[in-house]
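Peer 1: I have a structure here, written as structure tokens, and I will follow up with some questions on it.
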Amino acid sequence: MNLLHALNRGYSILKSNNIGSYKIDAELILCQSLNISREELILNLNRSINSNDYIKYQKDIERRKAKEPVAYILKKKEFWKNEFYISENVLIPRPESELLIEETLKLISKNQNKKLLEIGVGSGCLIVSILKDRKNCFGTGIDCCKKAVKTANINAKLHQIQNRIKILKSDVDNFKSGKYDFILSNPPYIDKHQLKYLDVNEFEPLKALDGGIEGTEVLMKVVLRASQLLKVNGKLIIEIGKNQKYKVINFLYKNNFFVNKIVKDLSSIDRCIICTKLC
């Protein structure tokens, strides 16, 4: 069997199971099985595939057929300007979360030395991306999941910033160490009652999605902790869910924050709040 035949079989299986991205998914999965780039695949479609590689490809196609996200199958995800290792213990990075990186980088010049904290570090893709671009800054990341901490540490080493970051197992309520210039967070913000309607519910860690009743339970905890850990005039950059803007803003004002900016995502949903600790 050649690569074209294998690829067409993958296309057919995924398409018949209503995988909208069946073409790119089958190609990426085959590339992973062969350890080659997409360019190499396209240029060598008449090449034969050995039985071991084909068996691995079939198994991974079956995983995708069952709606498992491609990032978990490939164990990697492109995000911002980089590729990150992704385990099943962390949320898969979404394009809208890149807003947090973009807005943070606008506030830190290339030569500044700032201390950053990420609450709910997950894969580490946010703070690692920022530290990779701002080489004089130092960071700390916390997460309540031990396996997420391991994943973030892998990504810190992968992007060679491990000497400028500490990644610790801690939940937001119990972390009380240090004072920071910037705190960023993409906390769980989905209403508990909506989780059962999500396609990702079966595969992605529920703890990284479940924001409690109304989806703002963890968001409020992040704001409270940030009010204690930020330096005066320090910045909190936080991701929020749909229709949460006014509730979060009111809570920020009550906790001595000034809201500088609200940024919409590509779907015109209010997604990111940038605010300053006043005192």
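Laboratory data are not the source of any read-out in this text; all were calculated from the coordinates shown. Computed from a predicted model, the values in this text were never measured in an experiment. Virtual Cβ from ideal backbone geometry, glycine too; neighbours counted across all protein chains shown.
Peer 1: Restricting to DSSP H runs of at least four residues, report the calculated mean residue ellipticity at 222 nm for the chain, -39500 (n - 2.57) per run over all residues, nearest 500 deg cm²/dmol. Write out the running numbers ahead of the final one.
Peer 2: Values: 10 runs with 108 residues, N = 279.
Calculated at 222 nm, the ellipticity per residue is -11500 deg cm²/dmol.
Peer 1: So, with +1 on the Cβ of K and R and -1 on the Cβ of D and E, and no other charges, what is the size of the charge dipole of region 3-67 about its Cα centre, to the nearest 20 debye?
Peer 2: Values: 11 positive and 7 negative charges, 58 e Å.
It comes to approximately 280 debye.
Peer 1: Normalising by the residue count of region 1-122, find the relative contact order in percent from Cα pairs under 8 Å and 6+ residues apart. Walk me through the numbers on the way to the answer.
Peer 2: On the way: 95 pairs, mean separation 25.4, N = 122.
After rounding, I find 21 percent.
Peer 1: So, one more: Give the angle, between 0 and 90 degrees and rounded to the nearest 10, that separates the Cα long axis of helix 217-229 from the longest principal axis of the Cα atoms of the chain.
Peer 2: For 217-229 against the chain, the angle is about 50 degrees.
Peer 1: Just the number, please: percent antiparallel of the DSSP beta bridges in the chain, rounded to the nearest 5.
Peer 2: Numbers: 17 of 37 bridges.
Rounded to the nearest five, the antiparallel share is 45 percent.
Peer 1: Write down the Kirkwood hydrodynamic radius of the chain, to one decimal in angstroms, obtained as one divided by the mean of 1/r over all alpha carbon pairs.
Peer 2: Working: mean 1/r = 0.0498 Å⁻¹.
The answer is 20.1 Å.
Peer 1: Out of residues 5 or more away from Cys272 or on other chains, whose amide H comes under 5 Å of its own, with H placed 1.01 Å from N in the peptide plane?
Peer 2: Distant-sequence amide H within range of Cys272: Ile240, Val263.
Peer 1: Of the options Gly141, Asn256, Gln160, report the single residue whose Cα projects farthest towards the positive end of the charge dipole of the chain (beta-carbon charges: Lys, Arg +1; Asp, Glu -1).
Peer 2: Value: Asn256.
Peer 1: So if I take the alpha carbon set of region 3-67, get Rg, then get Rh from the Kirkwood formula, what is the Rg over Rh ratio?
Peer 2: Values: Rg = 10.7 Å, Rh = 11.5 Å.
A ratio of 0.93.
Peer 1: Taking R0 as 45 Å, what FRET efficiency do you get between Leu105 and Met1 from their Cβ-Cβ distance, rounded to the nearest 0.05? Don't skip to the answer; put the middle values down first.
Peer 2: Details: r = 47 Å, r/R0 = 1.05.
Efficiency computed from Cβ-Cβ geometry: 0.45.
Peer 1: Let me ask something additional. Can you give the FRET efficiency to the nearest 0.05 for Phe258 and Asn174, using r as the Cβ-Cβ distance and R₀ = 30 Å? Before the final figure, lay out each step's value.
Peer 2: Working: r = 27 Å, r/R0 = 0.91.
The pair Phe258/Asn174 has a calculated efficiency of 0.65.
Peer 1: Using the structure shown, select from Lys23/Lys150; Lys81/Lys135; Lys76/Lys179; Lys146/Lys166; Lys59/Lys146; Lys15/Lys59 the pairs with a Cα to Cα distance greater than 24 angstrom.
Peer 2: Working: Lys23/Lys150 32 Å; Lys81/Lys135 15 Å; Lys76/Lys179 33 Å; Lys146/Lys166 14 Å; Lys59/Lys146 28 Å; Lys15/Lys59 16 Å.
Too far apart for the 24 Å limit: Lys23/Lys150; Lys76/Lys179; Lys59/Lys146.
Peer 1: Here's something else I'd like to know. Among all stretches of the chain without exposed trypsin sites (Lys or Arg not before Pro) (DSSP loop, at most 11 other Cβ atoms within 10 Å), which one is longest?
Peer 2: Values: sites that count: Lys81, Lys110, Lys135, Lys176.
Counting only loop sites that pass the neighbour cut-off, the longest clear stretch is 177-279.
Peer 1: Where does helix 98-107 land angle-wise versus the long Cα axis of the chain, in degrees 0 to 90, nearest 10?
Peer 2: Result, in degrees: 40.
Peer 1: Compute the distance in nm between two label points, each set 7 Å from the Cα along the Cα-to-Cβ direction, one at Gln112 and one at Lys192.
Peer 2: With each label placed 7 Å out from Cα toward Cβ, I get 3.9 nm.
Peer 1: Still on this structure, I have one more. Using modelled backbone amide H atoms (1.01 Å from N, in-plane), which distant-in-sequence or interchain residues come within less than 5 Å of Ile86's amide H?
Peer 2: Those lying under 5 Å, H to H, from Ile86 are Lys76, Lys77.
Peer 1: Between Lys23 and Asn35, how many nm apart are label points set 7 Å from Cα along the C-beta direction?
Peer 2: Going from the Lys23 label point to the Asn35 one covers 2.9 nm.
Peer 1: Sticking with this structure for a sec: Round to the nearest 10 and give me the degree value, 0 to 90, for the angle of helix 51-65's Cα axis relative to the longest principal axis of the chain.
Peer 2: Value to nearest ten degrees: 50.
Peer 1: Moving to a separate point now. Would you pull out the residues with amide H under 5 Å of Leu117's amide H, same chain only if 5 or more places away, H placed 1.01 Å from N?
Peer 2: Thr140, Phe182, Ile183, Leu184
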